[in-house]
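The values are calculated or read from the model by the stated rules, or taken from the named source; none is laboratory data. Quick caveat: nothing in here was measured; it's all calculated off a predicted structure. Every residue, glycine as well, gets a Cβ built from its backbone with ideal geometry; the counts of neighbours run over all protein chains shown.
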Amino acid sequence: MLLREFPDINMVRQLKNSAARGVGEWRNVVLNFECREASRLNLESPYSLFINNKGHSYCTVNKQHYRIETDNFLFSQPGDIYGLTVDNMQKTELCNIHINKSFFNGVAHSLTTTHELLLDDPERNRELNIHLFTQLFPKDETLNALTARLTASETYSNHAFESVLMELVAYLLRQNEDIKKSISRLPFAKPSVQTDIYRRLAVAKDYICSNYNLPLALDEICRETGMSKFHFLRVFKSFTGITPYQYLSDVRMNKARQLLKNSNNSISEIASDLGYEYPNSFIKAFQKNYQIAPMQYRKQVSPVSKTAILDNSGNQALGNFAQNLNL
């Protein structure tokens, strides 16, 4: 089901209550629409992906706070309690996908069971008790293609919704297998310790990604993970290969490139949006990372600046000349 606005909250609560009594279940739903303000609080999640195609939103899952932007998505699972907030001057385009447990489990069963067993008992749907990690993930081309198909009207007119949704579940299961491999490589003997350390590191990385625009302190991040400062530093670098400060710098630099390319915000505005107290600090950091000044980078890559050249010059020849120089 594709919805172009939030469903009435009373309808959501009725569906939740009926599911809890065993007489119904959350439907598979894709929410896709633009808004400047929205709020949904204290709802129980099915398997859910919180995605933004434009702008940003804030989500709280089990009292953990996340900032969701166009380059990442948040995954939550059944039993998680979430709240979603949008409060922006510019519009945010939400693309939230909610998958009910029976459907998710059925797809997982079909992908992890031999063809012989599936043929012998086609109606059996084995309860797999799948646990995925509630955390932020980077968006990639595969996810972008799947969400584009899930929000396209022809997907529903051609009755292809469940087929595309099955591909999405398979994608999430592959993501989970990659996480398991990463966990198994952690230098700890007990699997339970490996999993616990991974979970704490994921909390730290998500906290940095959600608060990169603030003056973060190491003690603050360590409190979120429940680890001592020195233990956290040791484990973080062994897992990521860089320090938490370097990770924060990388996040800011990636956001900077996006803003320089896709917005016409001033350098001072971008520096402030990224959490730099002074514009010069941002300029020096950007030059150190990319060996080019922010304004020069913008001239090379920004469609906004290219459009400005054509619009403001009043001279098509000058615009062609600028394009030939890749400005």
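Checked against (1) touching a residue at least 24 places away in the same chain (Cβ under 8 Å); (2) of a type outside the set (S, T, N, Q); (3) out of contact with any Asp or Glu (no Cβ under 8 Å at 6 or more places or on another chain), Pro138 meets all criteria but (3). A single member of Leu143, Leu201 is hydrophobic (A, V, I, L, M, F, W, C), closer than 29 Å to Lys63 by Cα and in the same structural domain as Cys95 (by TED's automatic domain parsing), and it is Leu143.
Taken together, the residues in segment 244-267 that are exposed (fewer than 14 other Cβ atoms within 10 Å of the Cβ) and among the small types (Gly, Ala, Ser) amount to 1.
Here Ile130 fulfils each of the conditions (1) surrounded by 17 or more Cβ atoms within 10 Å (Cβ to Cβ); (2) modelled with pLDDT of 85 or more apart from (2). Residues in segment 220-242 that are closer than 16 Å to His65 by Cα and among the polar types (S, T, N, Q): Thr225 alone. So, in segment 277-297, of the ones that are closer than 16 Å to Arg252 by Cα and touching a residue at least 24 places away in the same chain (Cβ under 8 Å), which residue ends up surrounded by the fewest Cβ atoms within 10 Å (Cβ to Cβ)? The residue in question is Glu277.
Check whether at least one residue in segment 160-167 is assigned by TED's automatic domain parsing to the domain that holds Tyr47, charged (D, E, K, R), surrounded by fewer than 17 Cβ atoms within 10 Å (Cβ to Cβ) and under 17 Å from the mean Cα position of the chain (by Cα), and report yes or no. The answer is no; no qualifying residue exists.
Going residue by residue through segment 239-248, is there one that turns out to be of a type in the set (Gly, Ala, Ser) and either on the phi > 0 side of the Ramachandran plot or in contact with a His (Cβ under 9 Å, 6 or more places away or on another chain) (or both)? Yes. What number of residues within segment 76-91 satisfy the criterion of being over 16 Å from Leu49 (Cα atoms) and not aliphatic (A, V, I, L, M)? Matching residues across segment 76-91 total 4. For segment 154-189, the set of residues classified as among the small types (Gly, Ala, Ser) and at pLDDT below 90 consists of Ser157, Ser182, Ser184, Ala189, listed by residue number.
State which residue is surrounded by the most Cβ atoms within 10 Å (Cβ to Cβ) when the search covers only segment 44-56 and only residues that are more than 15 Å from Thr134 (Cα to Cα) and either touching a helix residue (DSSP H, G or I) at 6+ places or on another chain (Cβ under 7 Å) or among the polar types (S, T, N, Q) (or both). The selected residue is Asn52.
Residue-by-condition table, conditions (1) acidic (Asp, Glu); (2) in contact with a Leu (Cβ under 8 Å, 6 or more places away or on another chain); (3) surrounded by 13 or more Cβ atoms within 10 Å (Cβ to Cβ); (4) touching a residue at least 40 places away in the same chain (Cβ under 8 Å):
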{"site": "Thr142", "(1), (2), (3), (4)": "no, no, yes, no"}
{"site": "Arg149", "(1), (2), (3), (4)": "no, no, yes, no"}
{"site": "Tyr171", "(1), (2), (3), (4)": "no, yes, yes, no"}
{"site": "Leu186", "(1), (2), (3), (4)": "no, no, yes, yes"}
{"site": "Leu214", "(1), (2), (3), (4)": "no, no, no, yes"}
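Residue-by-condition table, conditions (1) over 22 Å from the mean Cα position of the chain (by Cα); (2) assigned to a helix (DSSP H, G or I):
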| residue | (1), (2) |
| --- | --- |
| Ala189 | yes, no |
| Ala202 | no, yes |
| Arg223 | yes, yes |
| His231 | yes, yes |
| Phe236 | no, yes |
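Being of a type outside the set (Lys, Arg), at pLDDT below 95 and within 20 Å of Gln77 (Cα to Cα) holds for only one residue in Gln135, Gln194, and it is Gln135.
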